[in-house]
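The values are calculated or read from the model by the stated rules, or taken from the named source; none is laboratory data. Being a predicted model, the structure only gives us computed values, none of them experimental. Please note: Cβ atoms are built from the backbone with ideal geometry, for glycine as well, and neighbour counts cover all protein chains shown. We work out accessible area using only protein heavy atoms, side chains counted, and drop any ligands, DNA or RNA first. Shrake-Rupley method; radii C 1.70, N 1.55, O 1.52, S 1.80 Å.
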Amino acid sequence: MRRGLPPKLSAVSKKRQWLAAAAALLVLAGGLWIGLGTGGHPPAPGPSAPPAGPAAPPPPPGVGINLAGWKLSIPQENGDGNASTIDPAAITAPWMTAAPDGGLMFWAPSQGATTTNSDHPRTELNSLTNFTAGKGTHTLNASVTLLQVPQDGQGIILGQIHGANDISSVPYVMVRFQQGQLKVVVKQVQDGNDHINYPLLDNVPLNSPFDFTITDPGNGSLAFSATLNGTTRQLTAPIPGEFKGQTVRFQAGDYQQADDPAGAHDGGRVIFHRLDQQLTTS
């Protein structure tokens, strides 16, 4: 015959049974509440974000400088072994390319093809319109930033009034950057190196924009101006007798002047933010 549990043990056993039943009811109630709150199904995961695609490329920069009325000389050999000419002027990598601000970036290495009668490679725009020195009003306006200059310190010619037609090989007026100074070089003779330097700006740094202007006002003189950091300097000079009445033209760009080339990466690099020529007749 089986004996019953002592009273004390029996009470403990009943208490354990009651606690187990209560816990089961709590679990069941929790499940019912979750089921009612979610329609009886576990919550579906939210939609995931689509994978990020590649960023859209920026629009190609536009050319804010009007190339109509110019041809381009580049330091790349043509069939005769001289510098090539792009006529009419057009974007021609790597020599002249569009700058992000809509201007033009010029690159001229210290080693490359040169034009006839020159020892220095250039990437330069030549005006297609000639004018007579000392007659009418003619102006070249430019805003530039120098990015790189030749290592030997000879600098870059940025703008010119150059001989045309019968004196097409003769430089006449040259705006030249050299060792921190912007100056105007005015040749006094067609044959020879006699010239006068007219200082325009001192302490011109790289990577800082400045403006310059060359004007032949038609009164027998030349006028020049340059502006850096809000400071402008202006000067005038007489037209040398050997150039009065001669046919000339504007040129602008990167006519680097290195006499001692320092490798393939040496040369001049310039951005022209603005460039225009204003030509009138008397």
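Numbers below:
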{"read-out": "Extension gain, Asn193 back to Ser225 (0.36 nm per residue minus Cα-Cα distance, nm)", "value": "9.1 nm"}
{"read-out": "Accessible surface, region 183-282, averaged per residue in Å² (probe 1.4 Å)", "value": "47 Å²"}
{"read-out": "His265-Ser168 pseudo-label distance in nm [points 7 Å out on the Cα-to-Cβ vector]", "value": "3.8 nm"}
{"read-out": "Derived scalar couplings ³J(HN,Hα) [region 102-107; Karplus, 6.51 cos²θ - 1.76 cosθ + 1.60; whole Hz; x for Gly, Pro]", "value": "x, x, 10, 9, 10, 10"}
{"read-out": "For Ile239, distant residues with modelled amide H under 5 Å away", "value": "Ser221, Leu222"}
{"read-out": "Amide hydrogen neighbours beyond the local backbone of Gln76, cut-off 5 Å, H modeled", "value": "Ser84, Ala113"}
{"read-out": "Estimated vicinal HN-Hα couplings, Hz - region 72-88 in sequence order (Karplus 6.51, -1.76, 1.60; Gly, Pro = x)", "value": "10, 9, 10, x, 10, 4, 9, x, 8, x, 9, 5, 7, 10, 9, 9, x"}
{"read-out": "Whole-Å distance, taken between Cα centres, linking region 242-282 and region 139-195", "value": "6 Å"}
{"read-out": "Sequence-distant residues sharing a close amide H with Gln148 (under 5 Å, placed H)", "value": "Arg269"}
{"read-out": "Environment charge at Ala99 (Cβ cut-off 12 Å; Lys +1, Arg +1, Asp -1, Glu -1)", "value": "+1"}
{"read-out": "Efficiency of FRET from Cβ geometry, Ser143 and Asn117, R₀ 22 Å, rounded to 0.05", "value": "0.15"}
{"read-out": "Point-to-point label distance, Asp152-Gln278, nm (Cα→Cβ direction, 7 Å offset)", "value": "3.9 nm"}
{"read-out": "Summed side-chain charge close to Asp166 - residues other than Asp166 whose Cβ falls under 15 Å, Lys, Arg +1, Asp, Glu -1", "value": "0"}
{"read-out": "Computed FRET value (nearest 0.05) for Ser208 with Gln234, which takes r as the C-beta separation and R₀ as 22 Å", "value": "0.65"}
{"read-out": "For Gly268, net neighbour charge (Lys/Arg +1, Asp/Glu -1) across residues whose Cβ lies under 10 Å away", "value": "0"}
